[in-house]
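Visitor: Dumping the structure here so I can ask a few things about it.
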Amino acid sequence: MKKKLIEFSKVLICAILLTYFIAVAVGVRVVWDNPTQLGVFVGFVGAATTAAIGFYENKAKGENIIKIQKSYEQEGEPENDDPDDPQERGRR
């Protein structure tokens, strides 16, 4: 039986999120003591979340494109079925 390896990117994103949640806890404590820091805290939360999710989604998109191309190659279907493509016209 093969042991499924955990992808490095998933380990990395988990480590980043763990660090992020610790920083959020510290930030909540700071805002609790000094509510004037709320704007800075909200900016920190929004920026880090947007960056992490954006990079991870972009990476996943690239991996999915490769998987889809491989599945088409295995099925034997042409990669490009655009009727306006000059190379496709010559095959018909």
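The values are calculated or read from the model by the stated rules, or taken from the named source; none is laboratory data. Please read all numbers here as calculations on a predicted model, not as lab measurements. Cβ placement follows ideal geometry from the backbone for every residue including glycine, while neighbour counts extend to all protein chains displayed.
Visitor: Just name the residue that is nearest to Ala60 (Cα to Cα) out of those in the stretch 1-26 that are over 25 Å from the mean Cα position of the chain (by Cα) and of a type outside the set (Val, Ile, Thr).
Guide: Step by step, filter the stretch 1-26, then rank; the result is Lys2.
Visitor: Moving to a separate point now. Here is a list of conditions, (1) of a type in the set (Gly, Ala, Ser); (2) at pLDDT 85 or above; (3) within 19 Å of Glu7 (Cβ to Cβ), and Gly43 meets all of them except one; can you say which number that is?
Guide: Gly43 satisfies all of (1) of a type in the set (Gly, Ala, Ser); (2) at pLDDT 85 or above; (3) within 19 Å of Glu7 (Cβ to Cβ) except (3).
Visitor: Here is a follow-up. Quick check on the stretch 55-70: of everything there that is within 8 Å of the chain's Cα centre (by Cα) and of a type outside the set (S, T, N, Q), which residue is modelled with the lowest pLDDT?
Guide: Only one residue fits best here, namely Tyr56.
Visitor: Let me ask another. Which one of Leu17, Leu5 is assigned to a helix (DSSP H, G or I) and either at pLDDT 75 or above or surrounded by fewer than 10 Cβ atoms within 10 Å (Cβ to Cβ) (or both)?
Guide: None of the others qualify; the one that does is Leu17.
Visitor: Taking Thr36 as meeting all but one of (1) free of Cβ contacts under 8 Å to residues at least 12 places away in the same chain; (2) hydroxyl-bearing (Ser, Thr, Tyr); (3) under 26 Å from Ser9 (Cβ atoms), write down the number of the exception.
Guide: Condition not satisfied by Thr36: (3).
Visitor: Still on this structure, I have one more. Between a first residue in the stretch 5-18 that is within 20 Å of Ala48 (Cα to Cα) and a second residue that is among the basic types (Lys, Arg) and in a helix (DSSP H, G or I), which pairs have beta carbons less than 7 Å apart while being 6 or more apart in sequence or on different chains?
Guide: Ser9/Lys59
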